[in-house]
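Step one of this worksheet: look at the structure below.
The values are calculated or read from the model by the stated rules, or taken from the named source; none is laboratory data. Note that the structure is predicted; figures quoted are calculated from it, not measured. Note that each Cβ is placed from the backbone with ideal geometry, even for glycine, and that neighbours are counted across all protein chains shown. Heavy atoms of the whole protein, side chains included, go into the accessibility calculation; ligands, DNA and RNA do not. Shrake-Rupley method; radii C 1.70, N 1.55, O 1.52, S 1.80 Å.
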Amino acid sequence: MTLMLSQYRNHTGVMVWLLLTLGISYGQAAEGEAYGPVKVEVVGENGQYQLLRGGQPYVVKGVGANISNFAILKAMGGNSIRTWNIDMAQAKLDAAHQQGITVSLCLPVVAERYGFDYQDEVLLVAQRQLIQAAVERYRNHPALLSWFLGNELNYAHTNPVMWDEVNYLSRLVHKLDPNHPTTTTIADLNVAMINTLRERAPDLDFLSFQVYGSLALLPDFATGILADTPFMITEWGPLGHWEVSETSWGAPIEQNSSEKAGHFHKQYRKLIAPHLGPGLGSYAFLWGQKQERTPTWYSMFTESGESTETMDVLQHAFTGSWPKNRAPVVKSLLLNAKNAHQNVTLNPAVTYTARVSVKDPDDDDLSYYWSIKPESDTTAEGGDNEAIIHDIPGLIENPYTRQIIMLTPAISGTYRLFVQIYDGEGHAAYANVPFRVSAE
């Protein structure tokens, strides 16, 4: 976000800013109102909780989605998506409903780190008006599952009165819509944060947590402080770029697509599935593609739309069975006979060899594409938007073979070599290795 709320101190200005940055649209009532809402509630006690949707038990087998190919999600056993805003909410709700998929909509509660002052009454009133309008617009859509009051509001926050406002907003939403539960999503598992929410936002129907490597803490939390609290894991996925090993020059080392798939499989089987008593389900990240340190780090799809091995694992988690045709499996990627953990340092304007080892479970014919990009230098945090990093052209002699000869950039610096492998059946694998070019 490039605009600060402090620039706008009148009601109209605040409304315009929020409309532009949070993607709220107004107009006719939601088409879904013709169908009527499906009531969703959290029930249970003594550490055993569940969602009831239309009176029937409903365990969320979901994904955080920024694309709408929900027929694929339905076919692999998924039943829900979550959003981070209400941009194109009507289209997402309608598309999900066509496939029998539910949607947890994230309402535009602005985090402090974007300049929102939770003691500024003008801003609070404007935000409440926007949230009321959104709830009134979408509350009767049959695909709606729950309301998320903001996303990771605890990230870099300083003023605890924010949670008082979250509780106020939860009461407001419940008054406007008695048919759908409320929550707010919290980055990481933290005892103090859980206690703060219990004290200052008791109106929330359940708590939600967004955890990556720290998902390993869930068993202790589920049997400890959360033992009598309904909760959901609303983001989980590969090891985060802040949680992995780095090269000697500070480049995070990304898991390849098969390492991530193995990580997903273990996380779901050992950490999520056993705790679906107080846990109401989960949303894996990310059903789609985005640039976040790399274009592949959190993406279940490639930029051209192929699915990856992580989705095979999720289908097994959701249904107990593997897809008929599976994604290629990466064994290794070597540049100048070294892997990413060996601090690959190369001379400028010199040719080197790189090779990927990969196997296809179905013996499909494989094709390849290699590219070189500058290393990301972004300082964005919390999943904020990052600019796409473009390939450096002309450095790879033939980028369509399993083994390549590449020319290093003439300018010293840090770079990353990427390879994607396609099976011709709509699936892909990938790997990358960071490297440094130095004349010393």
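Worth a mention:
- Sequence-distant residues sharing a close amide H with Thr184 (under 5 Å, placed H): Leu149, Ser208
- For the range 103-235: rounded, prolate or oblate by the Cα gyration tensor [a/c cutoff 1.5]: oblate
- Probe 1.4 Å - accessible area at Lys92, Å² to nearest ten: 40 Å²
- Net charge dipole, the range 241-297: roughly 260 debye, given to the nearest 20, about the Cα centre with Cβ charges of +1 for Lys and Arg and -1 for Asp and Glu.
- Summed residue charge, Cβ within 11 Å of Gly55's Cβ, Lys/Arg positive, Asp/Glu negative: +1
- The Cα-based radius of gyration of the range 336-377, divided by its Kirkwood radius, gives an Rg/Rh of 1.04.
- Residues within the reach of a label modelled at Glu246 (point 7 angstrom out along Cα to beta-carbon, backbone nitrogen below 20 Å), restricted to the range 377-405, are 377-384, 386-387.
- Glu440/Val161 FRET efficiency (R0 60 Å; Cβ-Cβ; nearest 0.05): 0.65
- With protein chains left intact and a 1.4 Å probe, residues in the chain average 42 Å² of accessible area per residue.
- Anisotropy class of the range 324-396 from Cα gyration tensor, a/c 1.5 cut: oblate
- Under the Karplus curve 6.51 cos²θ - 1.76 cosθ + 1.60, θ = phi - 60°, whole-Hz ³J(HN,Hα) for the range 175-187, x wherever Gly or Pro sits: 5, 6, 9, x, 9, 9, x, 10, 7, 9, 9, 10, 6
- Its Kirkwood hydrodynamic radius, worked out from the mean inverse distance over all distinct Cα pairs, puts the range 304-440 at 16.4 Å.
- Expressed to the nearest 5 percent, the antiparallel share of DSSP beta bridges inside the chain is 55 percent.
- Considering the chain, its Cα convex hull presents a mean projected area of 21.9 nm².
- Each Lys and Arg adds +1 at its Cβ and each Asp and Glu adds -1 at its Cβ; summed about the Cα centre, the range 331-432 shows a dipole of about 600 debye.
- Here's how it looks for Phe435: its modeled amide H is under 5 Å from those of Tyr415, Arg416, Leu417, which are all 5 or more places away or on a different chain.
- Neighbour net charge for Ser214 - beta-carbon separation under 13 angstrom, K R +1, D E -1: -4
- For Gly281, the residues whose amide H sits under 5 Å from its own are Val60, Ile233, ignoring neighbours fewer than 5 places away on the same chain, with H placed 1.01 Å from N.
- Mean separation of Cα pairs under 8 Å and 6 or more residues apart, divided by the residue count, gives the range 51-142 a relative contact order of 22 percent.
- Using alpha-carbon coordinates, inclination of helix 191-200 to the longest axis of the chain, degrees: 30 degrees
- Extension gain, Ala380 to Asp220: 0.36 nm times the residue separation minus the Cα-Cα distance gives 54.5 nm.
- Kirkwood Rh, Cα atoms: Rg over Rh of the range 178-269: 1.06
- Label-to-label distance, nm, for residues given as Arg198 and Ala273 (7 Å Cα→Cβ offset): 3.0 nm
- Based on Cα contacts under 8 Å between residues 6+ apart, the chain shows a relative contact order of 14 percent.
- The chain: most fluctuating residue of His275, His390, His265 per GNM, C-alpha cutoff 10 Å: His390
- Each 10 Å bin from zero up to the one holding the largest Cα-Cα distance in the range 278-371 carries the following percent of pairs: 12, 34, 34, 15, 4, 1.
- Whole-Hz ³J(HN,Hα) from phi, Karplus 6.51 cos²θ - 1.76 cosθ + 1.60, for the range 231-248, glycine and proline x: 8, 9, 9, 9, 8, 7, x, x, 4, x, 5, 8, 10, 9, 5, 10, 6, 5
- C-alpha long axis of helix 309-319 to longest principal axis of the chain, angle in °: 40 degrees
- The Cα-based radius of gyration and maximum Cα-Cα distance (Dmax) for the range 64-151 are 14.6, 47 Å.
- Rounded, prolate or oblate (a/c below 1.5 giving rounded, otherwise prolate when a/b exceeds b/c) for the range 372-440 by Cα gyration tensor: oblate
- Here the Gaussian network model covers the chain, with springs between Cα atoms less than 10 Å apart; of Arg200, Arg53, Arg269, Arg269 fluctuates the most.
- Note on the chain: GNM, Cα springs under 10 Å; of Met311, Met300, Met193, the largest mean-square fluctuation is that of Met193.
- Taking a straight Cα-Cα cut-off under 21 Å and skipping sequence neighbours fewer than 8 places away in the same chain, the lysines within cross-link reach of Lys338 are Lys260, Lys359, Lys373.
- Here the spin labels are modelled as points 7 Å beyond Cα on the Cα-Cβ line, and at Gln403 and Thr353 they lie 0.4 nm apart.
- For the range 152-157, 3J(HN,Hα) per residue [Karplus equation, 6.51 cos²θ - 1.76 cosθ + 1.60, θ = phi - 60°, Hz, x = Gly/Pro]: 6, 5, 6, 5, 6, 8
- When the GluC sites (Glu not before Pro) in the range 339-386 are filtered for DSSP coil states and for at most 15 other beta-carbon atoms within 10 Å of their beta-carbon, the remaining sites are Glu381.
- Average Cα contact separation per residue, the range 195-292, under 8 Å, 6 or more apart, as relative contact order %: 33 percent
- Sum of side-chain charges, Lys359 neighbourhood, beta-carbon under 13 Å (Lys, Arg +1; Asp, Glu -1): -4
- A Cβ-based charge dipole, computed about the Cα centre of the chain with Lys and Arg at +1 and Asp and Glu at -1, lands at about 500 debye.
- With only the Cα atoms considered, the range 223-284 has a convex hull volume of 99 Å³ per residue.
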